[in-house]
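Everything below concerns the one structure shown next.
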Amino acid sequence: MYIEKIHGPADVKALTLDECAALAAEMRQTLLNKLSKTGGHLAPNLGVVEATVALHYVFDSPKDKIVFDVSHQCYPHKMLTGRMSAYTDPEKYKSVTGFTEITESEHDFFTVGHTSTSISLASGLAKARDFKGDHENIIAFIGDGSLGGGEALEGLDFVASELASNFIIVLNDNNISIAENRGGLYRNLKLLRDTQGKAGNNFFKALGLDYRFVKEGNNVAALVEAFRAVKDIDHPVVVHICTKKGYGYSYAEENPELTHCLNKPFDLEKGPDFTPFPYVEGKNERYDFIIREHLLKRMREDPLITTIMASTMYCLSFTAEKRAEAGAQFIDVGAVEEHGVAMTAGIARNGGKPVFVTASTFFMRTYDQISQELCINKCPATLIVINASIYSVDDVTHTEIFDIPMMSNIPNLVYLAPTNKEEYLAMLDWSIDQTQYPVAIRQPRNGVFHAKHEVDKDYSALNRYKVEREGNTVAIIALGEFFQLGETVADLLLEKANINATLINPRYITGIDKELLASLPAKHKLVVTLESGSLEGGFGEKVASYLGIYDGIKVLNRGLQKSFLDTVHVSADELLTQNRLQPEQLCTDILALLNIMQYILEDGYVFGTD
C-alpha cells in the first residue's frame with residue numbers, strides 16, 4: 001500500500017510514475033470508502049485524483065502555490081498534504097472541511113467555496129511574488145464550470161494582458177459543471193477537445209495566452225510530462241486537461257450531476273440511490289417540491305413565466321426530467337449569479353414574469369445587480385432565497401445568514417418572509433402577477449407548516465404586520481421560520497407566568513409597520529423580535545430603533561451573532577442554545593427582563609449602579 005507512506009508531497013516525489021498511478025488508484029478507493037459513509041463532493045474529486053498526484057509530483061508545495069477554484073475538488077490535495085488520516089481513519093473523518101482551509105495546512109492558501117475566484121486570487125499571489133523578487137510557481141486549478149463566471153473571465157483578461165511572469169492555469173475540462181455547461185465558451189472548449197487543442201479558433205490564444213493541451217487528463221504520466229514542461233515558465237500559460245467527472249466509479253461516471261455532491265451515505269456496491277423522492281402532495285411535504293410543482297403549473301398556464309437558476313438546481317430539485325418538462329421556460333445560466341439577476345431584470349422590464357432562484361450564500365454575489373439593475377429600475381421580478389436559515393447545513397464559505405442585512409436595506413425591494421405553506425404560495429403568486437415591485441421571498445427551512453387561518457392574497461399594501469394573537473405585557477414579533485418558535489415561547493409564557501403574549505407575524509422584512517409598533521407601548525412592556533439571521537443590521541434592530549423613542553417599553557432582539565457559521569460541525573440545536581434561542585431560554589430571559597423592569601419602575605433602579 002503506497003497510501004500508508006504518504007505524509008506530505010515529498011513522499012509523492014519519491015515514487016516512480018508507475019507507483020504514482022498505483023497511489024492514485026488507492027486514493028480513489030479511499031475516497032469512495034469515506035464518501036460512501038459521510039457523503040460529500042464525490043464526482044468532482046474522483047475526476048482529479050491523477051491531476052492532483054501529478055501536481056504534487058512536479059511542483060514544490062507550499063513554496064509553489066496551488067489555488068483550487070471553488071475548492072470542492074481538494075480532497076485528493078488534502079490527502080497528499082499531511083491529512084491522509086482524515087480519509088483513512090473513520091474517527092477522523094470530520095477533522096477536515098470539504099474545502100481548502102487556511103487553518104488546516106500551509107498547503108492551503110485560501111479558505112474558499114465560491115466559484116470563479118482562483119485566477120484572480122492566484123494573480124494576486126503572483127503579483128506579490130514579483131514585488132518581492134521571488135520565483136515560485138503560481139498555479140490556478142479551475143474547472144470548466146467555473147471558467148464562464150464573470151470573475152474568472154476578468155481574471156483571464158487581466159493575466160493575459162498585465163502579467164508577464166510565471167503563471168499557470170490548469171483548466172480541468174470534464175465537459176460539465178454541476179449540471180450541463182452553459183454558454184458559447186463551452187462550444188470552443190468542445191472544439192478544442194475534438195481537435196486535441198489544434199483548432200485555429202482558440203479562446204485562450206485569442207486573449208494572448210500560451211496554451212497546452214493534454215488529452216489524457218486521468219493519466220499521471222501524461223500530466224507529469226505536461227506540468228514539467230511549464231514548471232518555472234516565465235509567462236502565463238493555460239494547460240487544458242481533459243478529465244472524466246466521477247472517473248473510476250461507474251455510478252458517478254454515468255450520473256455526474258447526481259453524484260456531484262451527496263448528502264447521505266450510500267452502498268458502494270449498489271451505488272447511490274437515484275430514485276426520485278416520491279413527492280405526494282399533502283403528505284411528505286418539502287418546500288423544494290412544493291414550489292417546483294407550483295412553478296411548473298404556473299408556467300404551463302402562462303408562457304410569460306420563467307424560472308431561472310444558476311447551476312444550483314438542487315435548490316428546488318429541478319432534475320433533468322423537470323427541466324425538460326419546463327422546456328424553454330426554465331433557464332440555467334450556469335454558475336453566474338450576477339448575470340442571472342441582471343437578465344431577470346431585463347426579462348421583467350420587457351413584460352416577462354421571471355423567478356430567479358438560488359441559495360442565500362450565492363445571492364451575496366449579486367448585491368450590485370439587485371440594487372442597480374433590479375431595484376433602481378423597479379423591475380417586477382421575483383427572487384426566491386433558499387437556505388437562508390439556521391437550519392442550513394454548510395461550512396463557513398457558505399454561511400447563509402447575511403441576506404437580511406444585505407437585501408432588506410436595498411430601496412424599492414420588497415422582502416417577504418412566509419411562515420407556512422399557504423402564505424408562501426400566496427406571496428409567490430402575488431409577486432409573479434404584480435407589476436410594481438421587485439420582490440424577494442425567504443424560503444423557510446424549519447419544515448412545512450400549514451396556516452391556521454385564511455392567509456392574505458394581496459401584499460401590495462406594504463409593511464403591514466399581522467397580529468396572530470392579541471395579548472398584553474409581551475409582544476413577540478417572530479419572523480419567517482422563527483414564527484413557530486414565537487408560538488412556542490408565547491405558550492410557555494402563558495403556562496409559566498400567566499402572561500398572554502401578543503404574537504405578531506411581520507411578513508415584510510424590508511420595512512416596519514409604524515402604526516402597529518406605535519400601538520404596542522399602550523399594553524406592552526417588552527417587545528421581543530426573533531429572526532433566523534444575523535442580528536447586526538437585521539430585522540430586529542429596525543424595530544428597536546423605531547421603538548427607542550417610546551417610554552416604558554424595552555426591546556429584546558434575538559437572532560444569530562455576526563459570524564461565519566460552520567453548521568457542518570455545529571448543529572442547529574447547538575447554535576440555538578449558544579444564541580439563547582431555545583424556547584425555555586427565551587422564556588427565562590423574558591421573565592427576568594420583566595422583573596428587572598418592574599424593579600426599575602418601583603425603585604428607580606439605574607443600570608450600572610449598586
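The values are calculated or read from the model by the stated rules, or taken from the named source; none is laboratory data. The model shown is predicted, which means the values in this text are computed figures rather than measured ones. In this analysis, Cβ positions are derived from the backbone assuming ideal geometry, glycine residues included, and neighbour counts consider all displayed protein chains.
Descriptive notes on the structure:
- Across segment 399-421, not a single residue is classified as more than 25 Å from Ala478 (Cα to Cα) and assigned to a helix (DSSP H, G or I).
- Hey, Glu515 of a type in the set (Asp, Glu), surrounded by fewer than 21 Cβ atoms within 10 Å (Cβ to Cβ), farther than 28 Å from Gly113 by Cα and not assigned by TED's automatic domain parsing to the domain that holds Pro438 or not: yes
- Restricting segment 126-155 to residues that are of a type in the set (Asp, Glu) and outside any helix (DSSP H, G or I), the residue that is nearest to Arg323 (Cα to Cα) is Glu136.
Conditions tested, residue by residue: (1) loosely packed, with under 14 Cβ neighbours inside 10 Å; (2) at pLDDT 95 or above; (3) within 26 Å of the chain's Cα centre (by Cα).
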| position | (1), (2), (3) |
| --- | --- |
| Phe227 | no, yes, no |
| Val239 | no, yes, no |
| Gly248 | no, yes, no |
| His260 | no, no, yes |
| Lys264 | yes, no, yes |
| Pro276 | yes, no, yes |
| Ile291 | no, yes, yes |
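- Residues located in segment 156-208, provided they are acidic (Asp, Glu), surrounded by fewer than 21 Cβ atoms within 10 Å (Cβ to Cβ) and not in a helix (DSSP H, G or I): Glu180
- Residue match in segment 234-245 (condition: β-branched (Val, Ile, Thr), assigned to a helix (DSSP H, G or I) and over 30 Å from Gly447 (Cβ atoms)): no
- Residues considered: Thr307, Thr275. Of these, the only one that is under 27 Å from Val568 (Cβ atoms) and among the hydroxyl-bearing types (Ser, Thr, Tyr) is Thr275.
- Entry remark, segment 518-543: residues being surrounded by fewer than 15 Cβ atoms within 10 Å (Cβ to Cβ) and among the small types (Gly, Ala, Ser) number 3 in total.
- On inspection, Val58 fails the criterion of being closer than 20 Å to Val214 by Cα, in the same structural domain as Leu171 (by TED's automatic domain parsing), touching a residue at least 60 places away in the same chain (Cβ under 8 Å) and crowded, with 24+ Cβ neighbours inside 10 Å.
- Here the strands (runs of 3 or more DSSP E) wholly within segment 460-548 that include at least 1 residues being under 28 Å from the mean Cα position of the chain (by Cα) are 473-478, 502-505, 524-534.
- Only one of the listed residues (Thr319, Thr366, Thr307) is under 17 Å from the mean Cα position of the chain (by Cα), β-branched (Val, Ile, Thr) and at negative phi. That residue is Thr366.
- Across segment 101-155, the qualifying residues are those that are among the β-branched types (Val, Ile, Thr), out of contact with any Lys or Arg (no Cβ under 6 Å at 6 or more places or on another chain) and crowded, with 18+ Cβ neighbours inside 10 Å, and the one among them that is nearest to Tyr186 (Cα to Cα) is Ile142.
- The condition of being among the aromatic types (Phe, Trp, Tyr) and either crowded, with 24+ Cβ neighbours inside 10 Å or touching a strand residue (DSSP E or B) at 6+ places or on another chain (Cβ under 8 Å) (or both) holds for only one of Tyr367, Tyr391, that being Tyr391.
- Options Ile432, Ile384: the member that is among the aliphatic types (A, V, I, L, M), touching a strand residue (DSSP E or B) at 6+ places or on another chain (Cβ under 8 Å) and either modelled with pLDDT under 95 or within 22 Å of Leu530 (Cα to Cα) (or both): Ile384
- Cβ pairs under 6 Å, 6+ apart, first in segment 100-115 and outside the structural domain of Ile138 (by TED's automatic domain parsing), second surrounded by fewer than 21 Cβ atoms within 10 Å (Cβ to Cβ) and among the basic types (Lys, Arg): none
- Breaking point among (1) exposed (fewer than 13 other Cβ atoms within 10 Å of the Cβ); (2) touching a strand residue (DSSP E or B) at 6+ places or on another chain (Cβ under 8 Å); (3) small (Gly, Ala, Ser), for Gly351: (2)
- Candidates Gly346, Gly271, filtered to the one that is of a type outside the set (Asp, Glu), surrounded by 13 or more Cβ atoms within 10 Å (Cβ to Cβ) and farther than 20 Å from Ala381 by Cβ: Gly271
- Helices (runs of 4 or more DSSP H) contained entirely in segment 4-52, each with at least 1 residues that are among the acidic types (Asp, Glu) and more than 21 Å from Asn172 (Cα to Cα): 9-13, 17-38
- Residue under evaluation Glu574, criteria (1) at pLDDT 90 or above; (2) exposed (fewer than 14 other Cβ atoms within 10 Å of the Cβ); (3) assigned to a loop (DSSP other than H, G, I, E, B); (4) not β-branched (Val, Ile, Thr), criterion not met: (3)
- Within segment 537-559, the only residue that satisfies the criterion of being within 27 Å of Val393 (Cα to Cα) and either outside the structural domain of Val474 (by TED's automatic domain parsing) or modelled with pLDDT under 95 (or both) is Gly537.
- Residues satisfying the stated conditions in segment 303-330, i.e. part of a loop (DSSP other than H, G, I, E, B), without any contact (Cβ under 8 Å) to a residue 60 or more places away in the chain and of a type outside the set (Phe, Trp, Tyr): Pro303, Leu304, Ala310, Ser317, Thr319
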